[in-house]
Amino acid sequence: MKVSVIIPNYNKAAWLNKCLESCLIQGEWLKEIIVVDDGSTDESASILSTYQDSIPDMIRTYINPVKGANNARNFGFSLSSGAYIQWLDSDDELYPGKFKAQVEALESSGKDIAYSDWLRRYYSEGKLIKEEEKLYRDFDDFLYQLMIDNWTSPNNYLVRREFAEKLKGGMGWNPETRIGQDREYFTMAGILGAKFEYVPGVFACYNSQDKNTIANMEFMERLKENQKLEARFRDAIIESDLLADGPKEEYLKILNTHLVKACFYNNEIQFPRWISPLKLKWSLVHPKMKLFLPWVIIRKNIQWLL
């Protein structure tokens, strides 16, 4: 029942010690820690070497053969052997008892992915400025939450290995994806039929930093990249034999709504097909924006008639 922790790392030397120690305190539930470095130029190599020399049976480090965080994750998974998989970024932390609580819950329920409550810490220029405790609950339809982007920190989850196998080879960690990589992984898991189990308790810490290249991506570019991501969700939902027609329609309405809202801001984004106003989730639209979206729909749909 032991857990493999897979950590991609790039220039996070300042955070590595806390990250690794937070894994080691999981005790007997920890099987191995696999760190895949993406060509760091800071002190990461020295820190990782010290840990590997001290506990070689527990920590193994590798150089990423193909650059990119998702390539690192996929490579790390190919080297792992634990019954459960913990995805963890090298600047985040786990809290004591996470593996015990989540593994026992999944063993009891027979479900595929556990999630819990978590802590978010905000840093500016290396200083902690604020922290928020994020309390979740047991959702009847967790895929719906993923569709509306009710985001939770990726280290909050624990994945049964049998299900992680369904997401390998880029199915979950797609090397072409530039934003929302963790959202894509767990949303694709839901589309592929994963069952999610809520385990009460704060077991993960996500450290938000102001120097983040993805967060600082220009707004219009983020809109386009996010629509590439959601186009993949749309295709997977349409093709799925696992999802019932009713939920399918709801998920597609959510994606249609996100698309129309993105078109409101960025006229370069196009509809992949005709979209009816009846196929939107209007409850997800701000009241003021509701006045303008019908005109966006008309303008974009007209392009299908030309």
Hits among lysines - C-alpha to C-alpha of Lys168 under 26 Å, sequence gap 8 or more where chains match | Lys2, Lys12, Lys31, Lys67, Lys98, Lys100, Lys111, Lys195, Lys224, Lys228, Lys248
Accessible surface of the stretch 1-131 [probe 1.4 Å, protein heavy atoms]: carbon and sulfur percent | 52 percent
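For the stretch 151-259, which whole-number percentage of the solvent-accessible area (1.4 Å probe, protein heavy atoms only) is attributable to carbon and sulfur atoms? Display every interim value, and only then the final one.
On the way: 2410 of 4690 Å².
Roughly 52 percent, rounded to a whole number.
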For the chain, just the Cα set please: Rg and Dmax, both in angstrom.
-> 20.4, 67
Options Ile269, Trp295, Met220, ranked by Cα towards positive dipole end of the stretch 215-306, top entry (Cβ charges) = Trp295
Per residue accessible area in Å² of the chain, where ligands, DNA and RNA are left out and the probe is 1.4 Å = 48 Å²
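Please compute the length gained on full extension between Leu24 and Ile129, using 0.36 nm multiplied by the number of residues separating them and subtracting their Cα-Cα distance.
Working: separation 105, 0.36 × 105 = 37.80 nm, distance 2.72 nm.
Residue separation times 0.36 nm, minus the Cα-Cα distance, leaves 35.1 nm.
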Column: log10 I(q)/I(0), Debye, Cα scatterers of the stretch 129-204, q = 0.13, 0.14, 0.24, 0.25 Å⁻¹ | -0.41, -0.48, -1.29, -1.37
Listed peptides 254-261, 20-27 by packing density, highest first (mean Cβ within 10 Å) = 254-261, 20-27
Report, in degrees rounded to the nearest 10, the 0 to 90 angle that the Cα long axis of helix 219-239 makes with the longest principal axis of the chain.
-> 90 degrees
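The values are calculated or read from the model by the stated rules, or taken from the named source; none is laboratory data. These figures come from a predicted structure and were not determined experimentally. Don't worry about glycine lacking a Cβ; one is built from the backbone with ideal geometry, like all the others, and counts go over all protein chains shown. Each accessible area value is taken on the protein alone, full model and side chains, heavy atoms only, with ligands, DNA and RNA left out. Shrake-Rupley method; radii C 1.70, N 1.55, O 1.52, S 1.80 Å.
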